[in-house]
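Novice: Could you have a look at this structure, given as structure tokens, before my questions?
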Amino acid sequence: MDSERKSVRVTIYNQTYTLAASEDSSEVEALAASVDTLMTEIARHTGSPDSTRVAVLATLHMADKLRTLERELTELKARVDQKSRQFSLLLDEVVSA
């Protein structure tokens, strides 16, 4: 089923963008608000109003966060696989007993 694309206007770091969203527009608005908040905080902490610099630093921050989450997900999957194997062995013992 094709989702209907909707136009969503958001403001990120004092710039207004019109985005085409195929998902819930409130989700796109929430993401934009999150990016806006991050960029505003970075600008405040660095003292730099340069939007390119702030955008690059925000992107690096999000990339680091993504890498951390990917690492955690990989570790979680490994633990789930290990527990699944353990449960499978226990189940085999119970069934063959």
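Taken together, the values in this text are just the output of simple stated rules run on the coordinates, not laboratory data. All of these numbers come straight from a predicted model, not from anything done at the bench. When we count neighbours, we look across all protein chains shown, and the Cβ atoms used for this are built from the backbone with ideal geometry, even at glycine.
Novice: For the chain, what relative contact order do you get, as a whole percent, if you take Cα pairs closer than 8 Å and at least 6 residues apart?
Specialist: 16
Novice: Starting from the amide H of ILE12, placed 1.01 Å from N in the peptide plane, find each other amide H under 5 Å away whose residue is 5 or more places distant or on another chain.
Specialist: TYR17
Novice: Taking the 0 to 90 degree range and rounding to the nearest ten, how far is the long axis of helix 25-46 tilted relative to the main principal axis of the chain, both from C-alpha atoms?
Specialist: Approximately 70 degrees, to the nearest ten.
Novice: Which Cα, out of VAL94, SER25, ILE42, lies furthest along the positive dipole direction of region 6-96 (beta carbon charges, K/R +1, D/E -1)?
Specialist: Selected residue: ILE42.
Novice: Using only Cα atoms, find the angle between the long axis of helix 51-96 and the longest principal axis of the chain, and express it within 0 to 90 degrees, rounded to the nearest 10.
Specialist: With both axes taken from Cα atoms, the answer is about 10 degrees.
Novice: Per DSSP helix of 4 or more residues, -39500 (n - 2.57); summed, then divided by the residues of the chain. What does that give at 222 nm, rounded to the nearest 500?
Specialist: Using -39500 (n - 2.57) per qualifying helix, the result is -25500 deg cm²/dmol.
Novice: Under the classification rounded if a/c is under 1.5, otherwise prolate if a/b is larger than b/c and oblate if not, where does the chain fall, given a ≥ b ≥ c as square roots of the Cα gyration tensor eigenvalues?
Specialist: Oblate, since a/c reaches 1.5 and b/c is not below a/b.
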